[in-house]
Amino acid sequence: MRIGWNRQRLDRKRIEKLLEDSLVPVEPSPSFVSDLRARLVTIRGGRVISPWVLVLLLASIVIFVASALGFAIRILLGLLGLVGLMERRRRESKALGT
Amino acid sequence: MTPRESDEMELVRSAASEAEAFGELYNRHVTRIYSYIYYRTGDYQDAEDLTARVFQRALRHVGNFQDQGVPFSAWLYRIAHNLVANWHRDRSRRPVVPLEDHVADTAAITHPEALALAEEQNRTLLRAVRKLPPDRQQLLILKFVERLPNAEIGQIMGRTEGAIKSLYHRTLNSLRDQIKMMEDGAMGNPD
């Protein structure tokens, strides 16, 4: 299809007018804008847990569990020792009584 | 520096660590970046995809942004320009999607023949624009879609204001030649 621009003089002002009429801003869809914003903010929020932070967190958990386990074992051993001591005293007093 | 510019720089500094600050920057610039990419690609879907990549890249590197008198928007446009250039390079072996679906608002024209002519002129002009070299397309989009002054276009394109004026003059001449070539091609084509 021929659109007849050759018949009109294409001077600078006419081209500028055509560009003004044709190149108009376009809007993205509202759902795209809000979804992308949510994704970006989530990524930024997710950045707080970087791989190094995760490694540090895991190491802390392992150390804490090991310490807690060690503490629990010590208490258990202490209790067993106490029970053993009490049993020994009971036997000694029983032996002295007889 | 204007109050708006200093406010923006404050936001940029906060955006390195605060999600909401980056969200505010995003709100301010997303439409302009999308519009720019749309005119460079001619496709809504690709424009959305590339816009998302621009802001993801900006998010990763916003902490490295340094205030050297160049506005944040110029930095975003440069990211967009590079991504669009990569996009064109990746698609160079595939057929280029013509920017024909987009026709500016011609609702004011009521006569059917006049409307058809206006739409055809619009499509031809957009086709001619897309045949220009990338830097000239960029200049026209920044000037007519974004309505930016030459000084700001210069900051975005890394050229002086005088160089932009000169490039603009050459771009209009190229566009006129391109339109004439397309017209002559249409004359030789019986369709």
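General observations
- Annotation: of all residues in the range A:34-74 being outside any helix (DSSP H, G or I) and surrounded by fewer than 11 Cβ atoms within 10 Å (Cβ to Cβ), the one that is modelled with the highest pLDDT is A:50.
- Selection within the range A:22-37 - over 17 Å from residue B:49 (Cβ atoms) and more than 7 Å from every other protein chain (Cβ to nearest Cβ): A:30
- Residue B:148 surrounded by 14 or more Cβ atoms within 10 Å (Cβ to Cβ) and within 10 Å of chain A (Cβ to nearest Cβ): no
- Considering residues of the range B:12-44 that are at the interface with chain A (Cβ under 10 Å from one of its Cβ atoms), more than 16 Å from residue B:145 (Cα to Cα) and among the polar types (S, T, N, Q) only, the residue surrounded by the fewest Cβ atoms within 10 Å (Cβ to Cβ): B:27
- Scanning the range B:45-65 for residues that are of a type in the set (D, E, K, R) and either within 16 Å of residue B:78 (Cβ to Cβ) or more than 8 Å from chain A (Cβ to nearest Cβ) (or both) yields B:46, B:49, B:53, B:57, B:60.
The values are calculated or read from the model by the stated rules, or taken from the named source; none is laboratory data. Keep in mind that what you see is a predicted model, and the values were worked out from it rather than measured. Please note: Cβ atoms are built from the backbone with ideal geometry, for glycine as well, and neighbour counts cover all protein chains shown.
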